[in-house]
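*Asks:* Here's a structure for you.
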Amino acid sequence: MKGRPVLGIISGLLFGLFGALTLQQFGLMPLTTLSLIGFPIIGIGIGLGLAAAAPFGNKTT
Amino acid sequence: MRPSRTTKLAIVLGVLVSVLILPATALAGIEGGCTGSVVIDGNTYGPNNDTVGDPIVVPIDKEGVVALWEAKVPFDNENNQGELGVVVGPFTIQIASWGDPNTANSQGNSGSYSIEDFKNEFPVPESLIPRGVYQLSGEHTAAGGECTGLVMVKLEGTGAVGIASVVGAGVTFITMLGAGLRRKS
């Protein structure tokens, strides 16, 4: 991994949880299994994907 | 030509938005032949209020609101029992239950419930009561049959929990983008 996978997992998990809570709080989606468990899993996937691709930052050292 | 950082960021945002904004699906309403309704703040609601787009709205910021409810079952209602719960992910948290020998076999009931009493159930100030939409699941069984149902309830208004969740989502999103920063080697 060229990026930061641990940061991606933790922040992706929390982003999924906060995202589910935000959608629920603003009346867009209740706390279903999809939102409460699915969103954090998707968040972890995105975080890991970002860590793997590492699209940001300088490519030269 | 390699995509710019802005293009990469736009792709990441596009994926996130398309994943998070999912269409709401209709639920099952009430099955088993039971009927019921509730009047809140002049609006009448029933079993069809089972979607995010058409929920039972509870104006929690208003003072003195009373919910007037009535319910009927189409079967022998002796030895009845039931429960009501809030769906939270894969779990259902029970918030009410009832049971009655009902030897008179009454098949209907009605009453009123003060929203102020509901707010007093929370051990926090009113601004900290979580708003938003909740899926309520309930069942009622008796000697002659049973009913199950799902409705959607919306506690209207924006509270501190909603604001905190937006801040949390924003901070964790930016942190998550940090995972895509290339490490120096």
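*Asks:* Starting from 0.36 nm per residue, how many nanometres of slack lie between B:D41 and B:E63 once their C-alpha separation is accounted for?
*Replies:* 6.9 nm
*Asks:* Now, a different point. Can you figure out the FRET efficiency of B:V124 with B:E83, using R₀ = 22 Å and their beta-carbon distance, to the nearest 0.05?
*Replies:* 0.35
*Asks:* Straight-line reach from B:K119: which aspartates and glutamates have a Cα under 14 Å away, not including same-chain ones fewer than 8 places off?
*Replies:* B:D61, B:E63, B:E156
*Asks:* Show B:R131, A:R4, B:R182 ordered by accessible area, largest first, where the area counts protein heavy atoms only and the probe is 1.4 Å.
*Replies:* Largest accessible area first, the residues go A:R4, B:R182, B:R131.
*Asks:* When the solvent-accessible surface of protein heavy atoms is calculated with a 1.4 angstrom probe, in what order do B:K184, B:K119, B:K62, B:K154 fall, highest first?
*Replies:* B:K184, B:K62, B:K154, B:K119
*Asks:* Also: For B:G159, list long-range residues whose amide hydrogen, built 1.01 Å from N in the peptide plane, is under 5 Å from its own amide hydrogen.
*Replies:* B:R131
*Asks:* Given N residues in chain A, what is Rg(Cα) / (2.2 N^0.38 Å)?
*Replies:* It is 1.31.
*Asks:* Could you list the GluC sites (Glu not before Pro) in segment B:98-142 that lie in coil according to DSSP, counting only those with at most 14 other Cβ atoms within 10 Å of their Cβ?
*Replies:* Hits after loop and neighbour filter: B:E121.
*Asks:* While we're here: Which of the chymotrypsin sites (Phe, Trp or Tyr not before Pro) found in segment B:73-171 are in a DSSP loop and have at most 14 neighbouring Cβ atoms, other than their own, within 10 Å?
*Replies:* Filter output for segment B:73-171: empty list.
*Asks:* Show me the three semi-axes of the equivalent ellipsoid for the protein assembly as shown, from the C-alpha gyration tensor (sqrt of 5 times each eigenvalue), largest first, rounded to whole Å.
*Replies:* Here the semi-axes work out to 46, 18, 14 Å.
*Asks:* I would also like to ask the following. Let's test the formula: R0 of 35 Å, r as the Cβ-Cβ distance of B:E70 and A:I41. What FRET efficiency results, to the nearest 0.05?
*Replies:* For R0 = 35 Å, the calculated efficiency reads 0.25.
*Asks:* Heavy atoms of the protein only, probe of 1.4 Å, neighbouring chains included. What is the accessible area of A:M1 in Å², nearest 10?
*Replies:* 120
*Asks:* Another question about this same structure. So if I restrict to the alpha-carbon atoms in segment B:94-185, what is the Rg, and what is Dmax, the biggest pairwise distance, in Å?
*Replies:* Calculated on Cα positions, Rg and Dmax stand at 22.2, 81 Å.
*Asks:* Another question, then. Tell me the mean residue ellipticity at 222 nm calculated for chain A from its helices only (DSSP H runs of n ≥ 4, each -39500 (n - 2.57), averaged over every residue, nearest 500).
*Replies:* Helices in chain A give a 222 nm mean residue ellipticity of -20000 deg cm²/dmol.
*Asks:* I would also like to ask the following. Could you give the length gained on full extension between B:T103 and B:D54, defined as 0.36 nm per residue of separation minus the Cα-Cα distance, in nm?
*Replies:* Here the answer is 13.9 nm.
*Asks:* In nm, to one decimal, how far is the modelled label at B:E31 from the one at B:T148, with both set 7 Å along Cα→Cβ?
*Replies:* The modelled label-to-label distance comes out at 0.6 nm.
*Asks:* Summarise the accessible area of the protein assembly as shown (1.4 Å probe, protein heavy atoms) by the percent that is carbon and sulfur.
*Replies:* The nonpolar share, carbon plus sulfur, comes to 63 percent.
The values are calculated or read from the model by the stated rules, or taken from the named source; none is laboratory data. Every value quoted in this text rests on a predicted model; they were computed, and no experiment measured them. Neighbour counts are summed over all protein chains in view; Cβ atoms, including those assigned to glycine, are modelled from backbone coordinates with ideal geometry. SASA here: full protein model, heavy atoms, side chains in, ligands and nucleic acids out. Shrake-Rupley method; radii C 1.70, N 1.55, O 1.52, S 1.80 Å.
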